[in-house]
Structure formats: C-alpha cells, structure tokens
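> Below is a structure I'd like to ask you about.
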Amino acid sequence: MTDTTTLYAAHAALIETVLDALVAENVLPQGTSYANVTLEPPRDPAHGDLATNAAMVLAKSAGTNPRALAERIVAKLAAQPGIAGAEIAGPGFINLRLEAGAWLGELQAIAALGADYGRSVIGAGRRVNVEYVSANPTGPMHMGHCRGAVVGDALATLLEWAGHQVIREYYINDAGGQVDVLARSAHLRYREAVGEDIGEIPAGLYPGDYLKPVGAALARELGDRFRNAPESDWLPIFRAEAVSRMMDLIKSDLALLGIHHDVFASEAALQAAGKPEAAEVWLRAHDLVYDGVLEAPKGKAPPEDWEPVELPLFRSTRFGDDQDRPIKKSNGAWTYFGADLAYHLQKAEGADELIDIWGADHAGTVKRIKAAVAALSEGQGRAIPFDVKLVQMVQLMRGGEPAKMSKRSGNFITIADMVEEVGKDVVRFTMLTRKPEAQMEFDFEKVVEASKDNPVFYVQYAHARIRSTLRKAAEAGFAPSDAALDRLGAEELDLVRRAAQFPREIEAAARAREPHRIAFYLYDLAADLHSFWNLGNDRVEKRFIVEQDAEVTAARLFLAAAIGQVIRNGLGVLGVEAVESM
C-alpha cells in the first residue's frame with residue numbers, strides 16, 4: 001500500500017526524530033521546542049531539495065555554535081534511507097538531497113490522496129469565526145465589496161483545508177441611519193409603483209433602479225394605504241421590508257461568486273436582545289468601562305457648540321489605543337464602536353479565534369476593536385486571537401481607461417455586472433493575484449486575455465492542457481500508470497518538486513491567513529507545466545505521449561494526472577473551477 005504521508009511532512013518528522021535522538025544523547029536539553037524549526041525548498045535549487053534551519057535555531061539551547069550542531073544533525077540525517085546527501089551551508093543551514101524514489105513516492109501519494117492532497121490537521125479542534133463582506137444592506141453588491149468578499153471566502157476555505165472548523169459570518173448593519181434612508185428611498189419607489197410621478201430622486205436618497213422591484217412588491221402587498229400616510233406609520237414597516245429584500249439581493253449577488261455564509265448576525269437584533277447593555281454590565285464589572293468626560297477633538301479648535309459631556313468610556317488606552325472610547329452617544333444611543341464591541345463579545349462566545357475582513361477605509365478603528373477583544377479575552381480568562389485583514393479598493397478599468405458606471409445601481413458597477421461580463425472564476429482568481437493590502441486594478445479586457453500575463457488564463461490553461469492530453473491519450477489507447485515511474489527524467493522530477501510543495505503552501509498560507517499565496521503558487525506550478533510542455537514542441541521524445549514508448553508515456557500521463565490534481569485542489573481552495581477545455 002502506498003504511504004500517503006506527504007514528502008515535506010515525512011521529512012519534517014524525520015528531522016524531529018533526529019533531534020529527539022540528540023535530546024536522548026544530551027546534545028540538546030530535555031524539553032527543547034522545535035516550534036521554530038522549518039523545512040523548505042532552498043532558495044537556489046542547485047543547493048539541494050530541502051533545507052532546514054534546525055541547527056541555527058537550536059544551537060543556543062545546545063550551548064554550541066550552529067555549524068557544530070549542524071555536523072551532529074547531518075551525521076544522523078545522512079544515514080537515513082532516501083537521503084542521497086546532507087551538507088552544511090553558510091553559518092549552519094542544512095541542505096538535503098533526496099533520492100529520486102522520494103519524489104516518485106510523492107507522485108503516488110498525490111494519486112492516492114486525490115482531492116484530499118494538501119489537506120492538513122494543524123487547525124484541528126479550533127473554531128475560527130471569519131466575518132467578511134458585512135456591507136450595509138442598502139443596495140446590491142458592488143466592487144467596493146467584491147475583493148473583501150473573495151479574500152474572506154478563500155481564507156475560510158483555506159482554513160478548512162488546514163483542519164479548522166470555520167464559521168462564515170456576515171454582520172448586517174441594520175440599526176443605523178442609513179437604514180432609515182433606505183426605507184425612505186423604498187417608500188419613494190412604492191409611491192411610484194402605485195401611480196405617482198415622483199420626478200427626480202431627491203438628494204440624500206438612494207437613486208438606483210434596484211429599488212424599483214422593492215417598491216413594486218410593497219405596492220402589491222400593501223396597496224396604496226401608505227402613499228400619503230405619516231412617516232411614523234410606515235417607516236418601521238418599510239425599514240424591515242427593505243432590509244429583508246436587500247439582504248435577499250445581497251445573498252443572490254454573493255451566490256454569483258460562489259459565496260455563502262453560515263451566519264447572518266443582525267445589529268438591530270443584537271440591540272433588541274440587549275446585548276450591548278449586557279456587555280456594558282460585564283465590562284463595568286471588570287473595570288473596563290467607566291463614566292468620564294471625552295476629550296475635545298485634537299489638532300484643531302473645538303466646534304462652538306462643543307461642550308464636555310460625561311459618557312461611558314471603554315478603557316482602550318489600557319490596550320494600546322491613544323484614547324479611551326465612548327460606547328454611547330450623549331443621546332443614549334449606542335456608538336458604532338459600542339455595538340461592535342458587543343457583537344465581538346457575542347462572536348467570541350462561539351469561537352476560539354476571530355478574523356475580520358475590512359475595507360482599508362476602516363484602518364482607523366482597528367486598534368480600538370483589537371483593544372476591545374483583548375479586554376474580553378482578559379476578562380474571560382482565555383486568549384481569543386483576533387486578526388483584522390484590511391483590503392484595499394480595486395480600480396475598475398477597461399482597456400486602460402476608467403470603467404463606466406452601471407445604470408442599474410446608480411453610481412457603481414455591481415458584482416452581478418462583473419460576473420455577467422467575465423465570469424465568476426475570473427473575478428475570484430483575479431482578486432487573489434495581489435496581496436489584499438496592495439492597490440490593484442481590474443481591467444475588464446486584460447482579465448480575459450489569453451496570455452501568460454493573465455494569471456487566470458495561465459493556470460486554467462495548464463489544467464485544460466492536461467485534461468486534453470489525458471483524453472487524447474485514452475483515444476490512442478494509453479493510460480496513466482505508476483509501473484515505470486523510474487523512466488521519468490530530471491525535467492519531470494522538477495515538476496514533482498513543485499507539486500510536492502502544495503501541502504506546505506497550504507499550511508504556510510493558513511498560518512499567515514493569506515490565501516493569495518495559493519494563487520501565486522498555482523501560477524508557478526502552471527509555469528513549470530507549460531515549460532515542460534514546450535520541450536515537446538521541439539523534441540518529440542519529451543512529449544507526454546510518445547507513441548513508440550508505452551512505458552514512458554504511461555509514466556508521464558501519471559505525472560500529468562497528478563499535476564492536474566494539484567491544480568484542481570489549489571483552485572478549489574480559491575473557489576475557482578478547474579476547466580476541462582479552453
């Protein structure tokens with residue numbers, strides 16, 4: 001039976017076995033932590049197949065210098081089966097060369113694990129709440145939401161691949177003034193639907209055509225009895241109905257991107273349930289909220305009507321913020337921060353870790369909400385890791401020029417517009433081709449180009465080439481087989497070396513909370529596949545199908561199938577389909 005332990009995991013375990021032996025020999029002290037020991041490909045492939053920093057990070061605890069400890073480690077590693085060579089580089093790094101059989105075994109592991117190749121258990125037993133999108137329910141999803149939506153969803157899937165239990169959450173901001181504006185805008189469209197000429201949309205209301213169906217539906221359900229009624233009679237009804245219908249629209253738009261949340265948490269429901277009040281009681285009991293006077297605005301003279309008011313303040317300076325923050329306004333209403341604090345307390349009750357995906361325009365609130373979660377952790381007596389990922393806006397272009405806005409939405413291009421034009425997979429992959437904190441452009445023409453400069457096409461084309469090759473081989477009577485993998489040469493093993501990095505890329509990306517790393521990796525794997533393919537353009541003997549050599553053909557088809565599997569798995573993490581043909 002094929003051993004399905006992946007190559008990097010197997011050799012990481014081998015290094016730990018060697019280090020355990022050195023502990024037993026008193027070279028390393030009892031209880032030595034291996035947490036900072038890494039195993040990765042060397043930067044220069046000419047230096048070997050694997051590199052470890054074990055001697056560098058453990059020399060101090062061993063009471064010796066890194067090269068001396070490296071010599072002890074190398075002596076034991078060189079004696080292990082499958083290790084063709086072990087040598088010390090620089091101040092104490094250790095480079096390993098593996099026998100070809102190790103890479104061939106990894107090919108078999110890919111085939112054996114199939115759709116599970118790359119899955120990890122590093123997050124086993126941990127529940128992670130990932131909150132993303134959380135747009136105000138005032139209209140359809142647009143490009144201001146798209147990048148964060150894709151980053152959050154891909155991160156959630158990545159963490160699942162790493163063994164975490166993930167809760168995908170959307171926070172509905174349905175308790176603020178913008179929801180009243182939505183209700184008034186819907187009422188205007190309702191009046192239009194019952195026959196009134198509403199003229200131009202007044203300033204301050206939402207102008208998009210997307211509210212016309214909402215107004216029409218309300219007219220069918222309610223008749224015209226609210227046409228001239230006082231606002232106090234209809235506002236609560238239209239607020240609830242409009243939010244509900246906007247959330248249906250938002251969910252529909254997100255579904256176009258393949259995004260579905262597990263939990264939709266309502267700010268209005270949070271407040272109606274008294275959660276902010278309960279949070280305030282809890283925080284006061286732990287001396288984290290007190291009544292104090294908010295300082296005057298810094299850097300400029302206070303407004304003429306400003307006067308000091310005593311407010312309940314959260315002790316955020318205790319946790320690194322530059323001033324304590326009010327959780328209520330002078331009129332008794334909850335500040336956004338106060339409600340958000342209660343919301344995070346609610347989320348923390350059901351998770352071991354919290355991750356929020358926010359737009360870069362929220363950068364100023366990161367410190368205070370992190371302070372709040374730190375306080376909650378301290379008060380509950382348990383650490384609740386909390387991370388905020390900031391996502392920059394995307395500039396929409398068409399042929400190098402700013403893209404025109406959408407009539408449907410009023411003043412922006414919707415996710416539905418984008419998906420309709422270029423497809424879900426192009427949108428998702430493109431959003432992950434740069435680090436989220438970096439600015440990016442989305443050019444409608446460039447993202448559908450059939451060129452190496454278009455990462456979406458380049459990776460999809462690699463998978464399509466493989467699937468086409470396997471179909472042609474089957475028609476010619478050839479099938480993948482691992483019976484003669486030793487016929488594979490150096491170029492083929494280089495492909496395996498890249499494929500073998502996928503499990504460690506999953507773990508590294510999950511630890512860093514950076515799903516874009518998988519997109520980068522897939523581009524490199526696709527580049528290697530295309531490079532090998534191009535060898536066959538000039539040299540018949542380097543093609544995947546060599547009609548005169550059934551053994552090498554079967555082995556290369558086995559290799560192709562494995563590379564295709566890794567690409568499918570990686571695209572699956574990103575929520576992108578691996579196409580069969582192009």
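The values are calculated or read from the model by the stated rules, or taken from the named source; none is laboratory data. In this text, all values refer to a predicted model and were calculated from it rather than measured experimentally. Note: ideal-geometry Cβ built from the backbone for every residue, glycine included; neighbour counts use all protein chains shown.
> Applying the selection to segment 307-341, what residues are free of Cβ contacts under 8 Å to residues at least 60 places away in the same chain, within 26 Å of Ala265 (Cβ to Cβ) and assigned to a helix (DSSP H, G or I)?
Result: Ser316, Phe319, Phe337, Asp340.
> Checking Ala35 against (1) aliphatic (A, V, I, L, M); (2) within 30 Å of the chain's Cα centre (by Cα); (3) under 18 Å from Trp103 (Cβ atoms); (4) surrounded by fewer than 18 Cβ atoms within 10 Å (Cβ to Cβ), only one condition comes out false. Which one?
Unmet for Ala35, out of (1) aliphatic (A, V, I, L, M); (2) within 30 Å of the chain's Cα centre (by Cα); (3) under 18 Å from Trp103 (Cβ atoms); (4) surrounded by fewer than 18 Cβ atoms within 10 Å (Cβ to Cβ): (3).
> Sticking with this structure for a sec: So is Asp387 surrounded by fewer than 19 Cβ atoms within 10 Å (Cβ to Cβ), in contact with a Lys or Arg (Cβ under 7 Å, 6 or more places away or on another chain), outside any loop (DSSP other than H, G, I, E, B) and at pLDDT 85 or above or not?
Working: surrounded by fewer than 19 Cβ atoms within 10 Å (Cβ to Cβ): yes; in contact with a Lys or Arg (Cβ under 7 Å, 6 or more places away or on another chain): yes; outside any loop (DSSP other than H, G, I, E, B): yes; at pLDDT 85 or above: yes.
The answer is yes for Asp387.
> Which of the residues spanning segment 342-353 are in a helix (DSSP H, G or I) and touching a Lys or Arg at 6+ places or on another chain (Cβ under 8 Å)?
Narrowing segment 342-353 to residues in a helix (DSSP H, G or I): 342-348.
Listed by number, the residues that qualify are Ala342, Tyr343, Leu345, Gln346.
To keep it simple, each residue is scored yes or no on (1) under 37 Å from the mean Cα position of the chain (by Cα); (2) part of a helix (DSSP H, G or I); (3) surrounded by fewer than 19 Cβ atoms within 10 Å (Cβ to Cβ).
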position: Ala75; (1), (2), (3): no, yes, yes
position: Pro81; (1), (2), (3): no, no, yes
position: Pro91; (1), (2), (3): yes, no, yes
position: Arg97; (1), (2), (3): yes, no, yes
position: Ala102; (1), (2), (3): yes, yes, no
position: Ile110; (1), (2), (3): yes, yes, no
position: Arg119; (1), (2), (3): yes, no, yes
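Residue by residue, here is whether (1) modelled with pLDDT under 95; (2) in a loop (DSSP other than H, G, I, E, B); (3) touching a Pro at 6+ places or on another chain (Cβ under 6 Å) holds:
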position	(1), (2), (3)
Leu19	no, no, no
Leu22	no, no, no
Leu28	no, yes, no
Pro42	yes, yes, no
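> May I ask you to list pairs of residues, at least six apart or on different chains, whose Cβ atoms are under 8 Å apart, with the first in segment 160-180 being within 19 Å of Arg504 (Cα to Cα) and the second being crowded, with 20+ Cβ neighbours inside 10 Å and small (Gly, Ala, Ser)?
From segment 160-180, the pairs are Trp161/Gly118; Trp161/Ala510; Ala162/Gly123; Ala162/Ala510; Gly163/Gly123; His164/Gly123; His164/Ala510.
> Looking at segment 127-144, is at least one residue touching a His at 6+ places or on another chain (Cβ under 8 Å) and surrounded by fewer than 21 Cβ atoms within 10 Å (Cβ to Cβ)?
yes
> Against the condition within 23 Å of Asn53 (Cβ to Cβ) and either out of contact with any Leu (no Cβ under 6 Å at 6 or more places or on another chain) or in a helix (DSSP H, G or I) (or both), how does Glu160 come out, does it pass?
Values: within 23 Å of Asn53 (Cβ to Cβ): no; either out of contact with any Leu (no Cβ under 6 Å at 6 or more places or on another chain) or in a helix (DSSP H, G or I) (or both): yes.
It is false that Glu160 is within 23 Å of Asn53 (Cβ to Cβ) and either out of contact with any Leu (no Cβ under 6 Å at 6 or more places or on another chain) or in a helix (DSSP H, G or I) (or both).
> Quick one: which of Ala278, Ala268 is surrounded by 13 or more Cβ atoms within 10 Å (Cβ to Cβ) and over 32 Å from the mean Cα position of the chain (by Cα)? Give the steps one after another, and end with the answer.
Working: Ala268 fails: over 32 Å from the mean Cα position of the chain (by Cα).
Just one listed residue meets the conditions, Ala278.
> Filter segment 540-582 for residues that are in a helix (DSSP H, G or I), of a type in the set (A, V, I, L, M, F, W, C) and surrounded by fewer than 16 Cβ atoms within 10 Å (Cβ to Cβ); which is modelled with the lowest pLDDT? Steps first, please.
The first filter runs over segment 540-582 and keeps only residues in a helix (DSSP H, G or I), leaving 540-542, 550-574.
Those still in the list that are of a type in the set (A, V, I, L, M, F, W, C) too: 540, 550, 552, 554-555, 557-563, 566-567, 571, 573-574.
Within this subset, residues satisfying the condition of being surrounded by fewer than 16 Cβ atoms within 10 Å (Cβ to Cβ) are 540, 550.
Details: Val540: 91, Ala550: 97.
So, considering only residues that are in a helix (DSSP H, G or I), of a type in the set (A, V, I, L, M, F, W, C) and surrounded by fewer than 16 Cβ atoms within 10 Å (Cβ to Cβ), the one modelled with the lowest pLDDT is Val540.
> When you go through Ala46, Ala55, Ala59 one by one, which is the residue that is outside any loop (DSSP other than H, G, I, E, B), at pLDDT below 95 and among the aliphatic types (A, V, I, L, M)? First the steps, then the outcome.
On the way: Ala55 fails: at pLDDT below 95; Ala59 fails: at pLDDT below 95.
Every option except Ala46 fails the conditions.
> To continue, here is another question. Give the number of residues within segment 409-446 that are outside any loop (DSSP other than H, G, I, E, B) and of a type in the set (Lys, Arg). Talk me through it step by step, then tell me what you get.
Here is the first cut: in segment 409-446, the residues outside any loop (DSSP other than H, G, I, E, B) are 414-422, 424-431, 440-443, 446.
This time we only want the ones that are of a type in the set (Lys, Arg), so: 424, 428, 446.
Qualifying residue count for the region: 3.
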